[in-house]
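A short reminder: the numbers here are calculations on the coordinates, not readings from a lab. All values reported here derive from a predicted model rather than from experimental measurement. Please note: Cβ atoms are built from the backbone with ideal geometry, for glycine as well, and neighbour counts cover all protein chains shown.
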Amino acid sequence: MNYRPFKDVQVAEVGLGTWQLGSADWGNINEEEAISILQAYADAGGNFIDTADVYGMGVSESIIGKFLQSSKKEFFVATKLGRRGDAGNGWPQNFTYDAMKRHAEESLQHLGLSQLFLEQLHCIPTAEMRSGKVFDHLRKLQQEGLIRYFGASVETSEEALICLEQEGLASLQIIFNLFRQHVAEEVFAKAKERGVALIIRVPLASGLLSGKFKEDTVFGDKDHRNYNANGEAFNTGETFSGLEFREGVGLANSIRTLLPDERMAEWAIRWILDHPEVTTVIPGASKISQVNGNVAASGLQPLSAAVHTQLRKLYDEQIHSKIRGHY
Ligand SMILES: NC(=O)c1ccc[n+]([C@@H]2O[C@H](COP(=O)([O-])OP(=O)(O)OC[C@H]3O[C@@H](n4cnc5c(N)ncnc54)[C@H](OP(=O)(O)O)[C@@H]3O)[C@@H](O)[C@H]2O)c1
């Protein structure tokens, strides 16, 4: 595993996304399986874990908390706030200082920590980012010692640029993958100039870029790849990067022909790591074998300039216009 600087620490360039470990939006992964996925990631040299207070309404954070207690290694856990919709919470009441402090404290409790390494805004409304009050609240939580760093997970390049104006912003989390290439031109240079870490989510377009799905693949009722396939429940971009599923299967097959060999998920992650502005990429995983495959991307040689050019041409000519939703 190779590491890249994130402020004053070195984080694994392949992190671990743990939306899957909450068992809410990806079907069922029980606690034992979840712990074994975290352990496999740690054994492979991983030290950066992304979660959120709403993943299984605290389940993902609590499992990570149990894992941290039993592990001797140092981990950098990034969580998020802003999307709670349970009793007494919701939009816009989640964006007061009191609510943000309460939500951060509950994350600390779930994780069994006294300080959060990174608290991220979790795709909150653009207007809240623009008004800037949420960042004042985050700066206050930082001064009080509840959080070491704060960042923002965003949907669009416009939101990324708004957040990059905020003093003290440590990181930006954004969707960037072979189906979403233009984000690099729109955001990366400014993030680098501002010293802001880039956390790349949905690197495999919800699994499409592993090449394992067929046009007739069916997802379970509790899997967002079923109930949000066309943006019915939340932003369409969070599922299959906004591509219509069968279209995405066809485009993934076209990408496969340009890659050096059949290790498609690894190469899809390698392509992201070939961008030096990226700090860490956070693929989710439902199996230990996936964790090991994803981490292996760190050890691959960069893709050649010729392959990068071909992948960009395919994106410009066949993919870009087919992505749905704001991004
Ligand atoms: N708004 C936000 O801030 C936000 C939104 C989305 C995600 N995230 C974060 O980003 C992380 C990553 O995004 P994501 O999980 O949505 O999408 P992703 O990483 O693109 O896809 C994860 C899925 O791809 C499949 N997969 C992973 N590795 C594989 C491999 N080596 N071979 C074959 N299949 C593989 C698995 O599917 P199966 O389950 O079918 O095995 C896995 O569940 C999340 O876990 C979460 O931490 C944040």
**Study point:** Per-residue HN-Hα couplings for segment 54-59 [Karplus 6.51, -1.76, 1.60; θ = phi - 60°; Hz; x = Gly/Pro]
**Key:** 8, 6, x, 6, x, 5
Study note, to complete from the structure: Between the modelled labels at Thr217 and Gln318 (7 Å from Cα along Cα→Cβ) the distance in nm is 1.8
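So what is the diffusion coefficient of segment 3-322 in µm² per second by Stokes-Einstein at 20 °C and 1.002 mPa s, using a Kirkwood Rh over Cα pairs?
In µm²/s, the coefficient is 109.
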Practice item. Go ahead and run the numbers for FRET between Ile288 and Thr257, Cβ-Cβ distance against an R0 of 35 Å, rounding to 0.05. Key: 0.75
Check your understanding: Which value in nm describes the separation of the simple spin-label points at Gln301 and Asp86, placed 7 Å from the Cα toward the beta carbon?
Key -> 5.1
Exercise for review: Can you list which of the trypsin sites (Lys or Arg not before Pro) found in segment 209-286 are DSSP loop residues with at most 11 other C-beta atoms within 10 Å?
Suggested key: Lys214
Practice item. Net charge near Thr126: determine it from the other residues with C-beta under 14 Å of the C-beta of Thr126, scoring Lys and Arg +1 and Asp and Glu -1. Key: -3
Exercise for review: Run the quick spin-label model on Glu244 and Thr309: label points 7 Å from Cα toward the beta carbon, then report their separation in nm to one decimal.
Suggested key: 3.3
Exercise for review: Would you mind putting 166-179, 195-208, 306-319 in packing order, based on average other-beta-carbon counts within 10 Å, highest first?
Suggested key: 195-208, 166-179, 306-319
Study note, to complete from the structure: Which of Lys66/Lys133; Lys133/Lys322; Lys72/Lys222; Lys73/Lys212; Lys222/Lys287 exceed 29 Å between C-alpha atoms? The answer is Lys66/Lys133; Lys133/Lys322; Lys72/Lys222; Lys73/Lys212
